[in-house]
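To start, the structure under review is shown below, and the notes come after it.
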Amino acid sequence: MREIKAVVLDVDGVLTDGTFWWGIDGSELKRFSFRDVMGIARSMRAGMRFGLISGEENALVDRYAAKMNITNVTQGCKDKEAALRTFAEREQLDLQHICFMGDDINDLGALQTAGFSAAPADAHEDVLAVAKYICKRPGGRGAVRELLGFLAQNQ
């Protein structure tokens, strides 16, 4: 495995468990894991770069990115492979040095383009078939931290 210098994450189903709640007032809530927050924070201190790519447009993604100091965020994305390539250009990294983690079929292009790919345990079966690393943990329940631990041990 080549040295991974950046990790790009899908949001729903990776950083969250893929569910959301709607309030009677139309508000939307998502659940994020503090295990993942701690893993990202520790990895950032060690020099890892991060990006978020989401198919949805949601202020909660902006809030999460701000909390984590992740400035490379793409929302409302219909072509995650192209967004991953743009991330690589912005960060001046070869795609071989980027890991992408996704969970559903709209992530397949990015998973196949990244130098290393990963998926939560509960990802769609087509994603599980192409991911190089499959977490034991599901999305939104520490899968990102598990991946980051794996990368740290195998660099």
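The values are calculated or read from the model by the stated rules, or taken from the named source; none is laboratory data. Being a predicted model, the structure only gives us computed values, none of them experimental. Reconstructed Cβ throughout: ideal geometry from the backbone, glycine too, with neighbour counts over all protein chains shown. To get the accessible areas, we keep the full protein, side chains included, count just its heavy atoms, and leave off ligands, DNA and RNA. Shrake-Rupley method; radii C 1.70, N 1.55, O 1.52, S 1.80 Å.
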Practice problem: For the stretch 43-52, indicate whether the set of residues that are in a strand (DSSP E or B), in contact with a Lys or Arg (Cβ under 9 Å, 6 or more places away or on another chain) and buried (at least 17 other Cβ atoms within 10 Å of the Cβ) is non-empty. | Solution: yes
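Can Gly13 be described as among the small types (Gly, Ala, Ser), surrounded by 12 or more Cβ atoms within 10 Å (Cβ to Cβ), under 10 Å from the mean Cα position of the chain (by Cα) and assigned to a loop (DSSP other than H, G, I, E, B)? Even if it seems obvious, please write down each step before you answer.
Values: among the small types (Gly, Ala, Ser): yes; surrounded by 12 or more Cβ atoms within 10 Å (Cβ to Cβ): yes; under 10 Å from the mean Cα position of the chain (by Cα): yes; assigned to a loop (DSSP other than H, G, I, E, B): yes.
Yes, satisfied.
If a residue has to be buried (at least 17 other Cβ atoms within 10 Å of the Cβ) and outside any loop (DSSP other than H, G, I, E, B) to count, how many in the stretch 16-34 make the cut? Spell out how you get there, then give the answer.
Here is the first cut: in the stretch 16-34, the residues buried (at least 17 other Cβ atoms within 10 Å of the Cβ) are 16-18, 30, 32-33.
Those still in the list that are outside any loop (DSSP other than H, G, I, E, B) too: 16, 32.
The total comes to 2.
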Quiz item: Of the residues that make up the stretch 121-139, is at least one among the hydroxyl-bearing types (Ser, Thr, Tyr), assigned to a helix (DSSP H, G or I) and at pLDDT 95 or above?
Solution: no
Exercise. Inspect the stretch 53-72 for any residue being touching a Phe, Trp or Tyr at 6+ places or on another chain (Cβ under 6 Å), touching a residue at least 12 places away in the same chain (Cβ under 8 Å), among the hydrophobic types (A, V, I, L, M, F, W, C) and not in a helix (DSSP H, G or I) and give the result as yes or no.
Key: yes
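Name every residue in the stretch 73-117 that is touching a His at 6+ places or on another chain (Cβ under 7 Å), open to solvent by 30 Å² or more (accessible area, probe 1.4 Å) and either assigned to a loop (DSSP other than H, G, I, E, B) or not hydrophobic (A, V, I, L, M, F, W, C) (or both), in order of residue number. Steps first, answer last, please.
To start, the set of residues in the stretch 73-117 that are touching a His at 6+ places or on another chain (Cβ under 7 Å) comprises 103-105, 115.
Going one step further and asking which of them are open to solvent by 30 Å² or more (accessible area, probe 1.4 Å), we end up with 104-105.
Passing the criteria: only Asp104.
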